[in-house]
Amino acid sequence: MTSEASLRVGASEYLPSATPIRSPLDSGLLRESANIEVSDTLRADLLDLDAWRQILTTFGRTTRVAVALTDSQGQVLGKCHNAQPVWQLVHDAARGWGTGCPFCITTHVPCTAVADALQTDGVVMVHDQAGLTHVAVPLLLGKLRLGAIIAGQVFDRYPDPLLLRRVAKEFGVSAQGLWELAREQRPVSNAVLQASGDLLCALGQAFLRQRYGAILEAKLAETNGRFRLLVEGVRDHALFTMDPTGRVTSWNGGAERLLGYAEAEIMGRNFSCIFTREDIQNRVPEKQLNKALEAGRVENEGWRVRGNRNQFWANVNITALEDAGLARGFAIIVHDVTERRKVATVLEEARQERACLQEKLLSHVSHELRTPLTAIYLFTTNLLDGIHGDLTPDQHEHLTFALDNVKQLKSMVGDLLDITRVETHKLTVEPQHLGLAKLIDDVLSTCLTNAAVKNISLRSDVAPGLPFVWADPARVRQILINLIDNGIKFAPAGGTVTVATRPYAENEGFLCLSVSDTGCGISRENREIVFDRLSQVRSTAEASRSGLGLGLFISRELVSRHGGRIWVESELGHGSIFYFTLPAFSLAKLCALVLTAPNLEAGCVTLIAVDVAAIEGAVQADILLEIRKVLERCIRPGQDVLLPSMSDAEPVGTFFIVAGTDAKGFEVIASRIVRELQNFDSASKLKPVISSTTLLLAPGQFGEEQIGDVASRVDQLVQAHLLGKERLK
């Protein structure tokens, strides 16, 4: 501070401590609190006068100096302990002497000792207007500056009569009396004051840390007490903890009620006692703890056992308790969900019964509807074809309208059957080696009639060189027809519907098909629901409300069962594009099932071709399906693989087998095929011709690159065989 004493001791004298005080940030407690923020309540608790009274009184009496506690603004909190005579005389004679530090004798420049101590995080020493010296030590909580302790009101040299006379005159006290008191005060050297400041700083910080810790412990104890009351108040759930080995360490009232063990008899026991005997034999308790350690938390349901050996269906949550990465135990919550399981079982049985009844009903309805619909369709087409005579224009128009409605009804019946199959998990797909170009042309030809009614142009845009897909041709046809019919329905007269295929950029293992139209488009909110069951988006007034709103829902299910995804991109007034993906056919993936090290010890792979002759009077597709079933019985599971049909042409009577064997092994497989085909065709009309080609493999580890190479060679041999057979026709 600056005072009139500057004539003798300098304008402002700050004496740093001889030994720097260690920053409170170095302490473990406060290091953890380096960036904390305290509430006004906590700040008041930390600087509570009753808590600080004893340490301040003891320090002042022991060191024979005045001492006081201040806030961060330098204002003294409470009273000055062990006030010194000179200061007390002036203080009593001139109460409320100004806005400065009440611990100092000053009337002009305010004392900045506290502010400087908090800014420098160290002890600051200063003289006041009467020549009295005091020190200020900061009280820090991490980086938070709470206040300070000031101590002194003593002379560090012989009293100065001139300063005292000025003080006596300014504050209206007796100069002689003030001088007498000053002479009686024994001076305290700077070294002693500095040491006292260091000691006070250490004591203050230690007590502040102790005070902070005590407050936290009290709040933690209060929180723990409330939590304990909460835990004990939970009666519907068993809550308990365990050590890392699974021994129970705490047990709430809900656990005692639910599991039937008193706390005294369960403490220290392994929690496996609540598991069934079968679970214990299968080490289920240990496995669940290991899963909780790996994942942090595990939830499961199963049978648990009460103390009276009664079983109940429980939902169990196990949470791993860790500290610094080390497992400290587990917390477990157990809830009896037996009644919920019973309700779920009843609901599931009711659902299955309803699904069964629905399936029977729809099957019956389908049979009863499809038979007359087929008859109506047949007779109507006969009339339209003129088999029963010529029709007038009106008759032809009416019959055409009737035929369109019959087709719509047949489509609805088919959709209802597919919905039933979805709900009963009977909607199946049978993937095979499939080329898209021919299938798309066939589908567009099928949809030409509907498109011609509105003069809709149907186009295809098939990228050249696309690989085959692994998909069910009947289901892909169904998906495309649903999407094309939707496009025709919402496209304006003279519009266009385009089917396109491209590689799928996001996953090279899939191909992407799209059906785009020049229709009215779909709003953003409707794009979210178009694939929902019974969803019908009415985009324009002209769009007829036909169908049951099941086509897109069924299409989504079919795409999903192929392992792909379907989505739509559309804006109102700009048409729509429906995309869906199908897995690309990979001969390497099929071959990988058998091209393993144990299967290839002979160092070779054999491609077996089985050619069968057509049987007159038989449906070729059906007979080939039966032959495939015969061949599947002839190969060795896990060692050989029967390839799907590798041609896009009409059913071809050639089957290929990739066998992990040599020429000698081929002879065994060939003899088995001949025998089984003779048993199947006792009249010997099939006339099977079996040939083989053996591929030698390079020695060494067999990886993805080698599998791909073998698959490529197999594909070349297959195509060469089919080409040679075609030339012989």
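The values are calculated or read from the model by the stated rules, or taken from the named source; none is laboratory data. Because the structure is predicted, anything quoted here is derived from the model rather than measured. Methodologically, a virtual Cβ is constructed for each residue, glycine included, from the backbone with ideal geometry; neighbour enumeration extends over all protein chains shown. Only protein heavy atoms, including side chains, enter the accessible area calculation; ligands, DNA and RNA are left aside. Shrake-Rupley method; radii C 1.70, N 1.55, O 1.52, S 1.80 Å.
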Exercise. Scan segment 378-391 and report the pairs whose first residue is of a type in the set (Val, Ile, Thr) and whose second residue is open to solvent by less than 60 Å² (accessible area, probe 1.4 Å) and in a helix (DSSP H, G or I), with Cβ atoms within less than 8 Å and a gap of 6+ or a chain change.
Key: Thr380/Leu399; Thr380/Ala402; Thr380/Leu403; Thr380/Val406; Thr381/Leu403
Exercise. Quickly run through segment 49-82 and pick out the residues that are within 60 Å of the chain's Cα centre (by Cα) and assigned to a strand (DSSP E or B).
Key: Val67, Ala68, Leu69, Thr70, Asp71, Val76, Leu77, Gly78, Lys79
Practice problem: Pairs only if they're at least six apart or on different chains, beta carbon under 8 angstrom, first in segment 622-642 and at positive phi, second surrounded by fewer than 17 Cβ atoms within 10 Å (Cβ to Cβ); list them, first residue then second. | Solution: Gly638/Leu593
Practice problem: From the list Asn482, Asn486, Asn507, Asn450, pick out the single residue that is open to solvent by 60 Å² or more (accessible area, probe 1.4 Å) and closer than 26 Å to Thr400 by Cβ. | Solution: Asn450
Exercise. Please tell me if Arg672 is exposed (fewer than 14 other Cβ atoms within 10 Å of the Cβ), among the charged types (D, E, K, R), modelled with pLDDT of 85 or more and part of a helix (DSSP H, G or I).
Key: no
Quiz item: Which residue out of Gly152, Gly131 is in contact (Cβ under 8 Å) with a residue 40 or more places away in the chain and either in contact with a Pro (Cβ under 8 Å, 6 or more places away or on another chain) or not in a strand (DSSP E or B) (or both)?
Solution: Gly131
Quiz item: Restricting the first residue to segment 79-92 and requiring it to be under 22 Å from Gln54 (Cβ atoms), which pairs with a second residue that is open to solvent by 20 Å² or more (accessible area, probe 1.4 Å) and part of a helix (DSSP H, G or I) meet a Cβ separation below 7 Å and a spacing of at least six or different chains?
Solution: His81/Thr57; Asn82/Arg61
Practice problem: Among the residues of segment 589-614, write down those that are buried (at least 18 other Cβ atoms within 10 Å of the Cβ) and either small (Gly, Ala, Ser) or in a strand (DSSP E or B) (or both). | Solution: Val605, Thr606, Leu607, Ile608, Ala609, Val610
Exercise. Answer yes or no as to whether Arg354 is surrounded by 10 or more Cβ atoms within 10 Å (Cβ to Cβ), under 30 Å from Trp313 (Cα atoms), at pLDDT 85 or above and within 42 Å of the chain's Cα centre (by Cα).
Key: no
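Each row is one residue, and each column tells you yes or no for (1) at pLDDT 80 or above; (2) over 60 Å from the mean Cα position of the chain (by Cα).
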position	(1), (2)
Glu368	no, no
Thr380	yes, no
Pro393	yes, yes
Thr400	yes, no
Asn405	no, no
Ser411	no, no
Gly414	no, no
Quiz prompt | Cross-chain or 6+ apart pairs with Cβ under 8 Å, segment 263-281 first and touching a residue at least 12 places away in the same chain (Cβ under 8 Å), then among the basic types (Lys, Arg) and assigned to a strand (DSSP E or B) | solution = Gly268/Arg247; Arg269/Arg247; Asn270/Arg247; Phe271/Arg247; Ile274/Arg304; Phe275/Arg304; Thr276/Arg304
Exercise. Have a look at Leu717, Leu624 and point out the one that is closer than 26 Å to Leu436 by Cβ, modelled with pLDDT under 85 and in a helix (DSSP H, G or I).
Key: Leu624
Exercise. Identify all residues within segment 267-285 that are among the acidic types (Asp, Glu) and either surrounded by 14 or more Cβ atoms within 10 Å (Cβ to Cβ) or touching a Lys or Arg at 6+ places or on another chain (Cβ under 9 Å) (or both); write none if there are none.
Key: Asp279
Quiz item: If you take the residues of segment 526-567 that are at pLDDT 75 or above and of a type in the set (Ser, Thr, Tyr), which of them is most open to solvent (accessible area, probe 1.4 Å)?
Solution: Ser560
Quiz item: Does Glu650 qualify as being modelled with pLDDT under 85 and not in a helix (DSSP H, G or I)?
Solution: yes
Practice problem: Could you please give the count of residues in segment 680-714 that are open to solvent by 60 Å² or more (accessible area, probe 1.4 Å), modelled with pLDDT of 85 or more and either in a helix (DSSP H, G or I) or among the basic types (Lys, Arg) (or both)? | Solution: 1
Quiz item: Exactly one of (1) assigned to a strand (DSSP E or B); (2) surrounded by fewer than 23 Cβ atoms within 10 Å (Cβ to Cβ) is unmet by Val126. Its number?
Solution: (2)
Quiz item: What number of residues in segment 568-587 are more than 18 Å from Pro473 (Cα to Cα), within 31 Å of the chain's Cα centre (by Cα) and open to solvent by less than 50 Å² (accessible area, probe 1.4 Å)?
Solution: 3
Exercise. For Arg95, work out the one condition from (1) at pLDDT 85 or above; (2) among the charged types (D, E, K, R); (3) over 60 Å from the mean Cα position of the chain (by Cα) it doesn't fulfil.
Key: (1)
